[in-house]
Amino acid sequence: MSNATLYYTTTSCGASNFIAAHRAGILGSKLEAYQADIGSHKVLTGPKAGSDFYAINPKGNVPTIVLADGTLLNENAATLQWIADNAVTPVGAANGTSERYLLQSKLSWISSELHGTVGGLFNPTLSAEVREFVVAKSYQKLQFLNDVELADGRKFFVGSGFTVADSYLYIVLSWSPYIKLDLSKFPKVEAYFKSISELDFVKEAHAAMAKASPSA
């Protein structure tokens, strides 16, 4: 039976799936991973390099996971949980448990509340007034993350170990310098981000993505 296939970019939320899959120990065994270019809508690496990415995923977004039976998954709440369910090294609680439902809740919060808000700041056509509004909304989300979700200074977002929620939250927070959000305003968020970024397997995943890039 063939493996599932992940398409990602190295800095988008798709990278969170690569990091999670690396930690889960399934790259090259249960999951192949190839890079795509969202701007040109071309596959960059792997057996379909140079082909139209829209032919694989009509939405043209990453992450995209194509399962062995052809099923297409292209939203983080689904792709990351597929990785968790197929992990060798656990990156999420077992299905059907309260802990798993909590993980699902946190993934949905990251996607709809944080990613859905800060992602708007990548739009270069925003007027100064609209940008100011989106920045203020982004800071509200980060304040909640700082004062509620990470209030106890926890090292991981859900539970006592690294999960797919950490890989997703970490990548979204990593966009801050590019969209000019100041994480130093939120010391617990900043400390959390620094702690995740210093994990050996996170560094290894970044190095693997860089090595796999066509320009490497």
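The values are calculated or read from the model by the stated rules, or taken from the named source; none is laboratory data. Computed from a predicted model, the values in this text were never measured in an experiment. So basically every Cβ, Gly included, is an ideal-geometry build from the backbone, and we count neighbours across all protein chains shown. Protein only, heavy atoms only, side chains kept; ligands, DNA and RNA dropped before computing areas. Shrake-Rupley method; radii C 1.70, N 1.55, O 1.52, S 1.80 Å.
List of remarks:
- Taking all protein chains into account, the per residue accessible area for segment 60-194 stands at 47 Å² (1.4 Å probe).
- Put SER112, SER197 in order of accessible area, highest first, and with a 1.4 Å probe you get SER112, SER197.
- Over all other residues within a Cβ to Cβ distance under 11 Å of GLY50, the charged ones net out to 0, with Lys and Arg as +1 and Asp and Glu as -1.
- Note: relative contact order over segment 49-160, using C-alpha pairs below 8 Å and six or more positions apart, is 14 percent.
- Share antiparallel - DSSP beta bridges, segment 1-125, percent rounded to 5: 55
- Charge tally around VAL164: other residues with Cβ under 12 Å, Lys/Arg +1 each, Asp/Glu -1 each, net +1.
- Total formal charge among the other residues, if their Cβ is under 15 angstrom from that of ASN3, Lys/Arg +1 and Asp/Glu -1: -1
- Relative contact order (%) - the chain, alpha-carbon pairs under 8 angstrom, separation at least six: 23
- SER195 paired with ALA208, simple spin-label distance in nm, labels 7 Å along Cα-to-beta-carbon: 2.4
- Those trypsin sites (Lys or Arg not before Pro) in segment 160-190 that DSSP places in a loop and that have at most 13 other beta carbons within 10 Å: LYS180
- Label zone (SER2, point 7 Å along Cα-to-C-beta; backbone nitrogen cut-off 18 Å) within segment 66-84: 66-74.
- By average C-beta atoms within 10 angstrom, highest first, the peptides 143-152, 158-167, 22-31: 158-167, 22-31, 143-152
- Within the chain: Cβ-based charge dipole about Cα centre, in debye rounded to nearest 20 (Lys, Arg +1; Asp, Glu -1): 160
- Taking every alpha-carbon pair under 8 Å whose residues sit at least 6 apart, segment 64-121 reaches a relative contact order of 21 percent.
- One chain, two ends: ASN86 and LEU72. Fully extended at 0.36 nm per residue, the span grows by 3.4 nm beyond their Cα-Cα distance.
- Phi-based couplings in Hz for segment 80-89 (Karplus 6.51, -1.76, 1.60; Gly and Pro marked x): 5, 6, 4, 4, 4, 6, 10, 5, 8, 8
- Cβ-Cβ FRET estimate between HIS41 and LYS185, R0 fixed at 25 Å, reported to 0.05: 0.10
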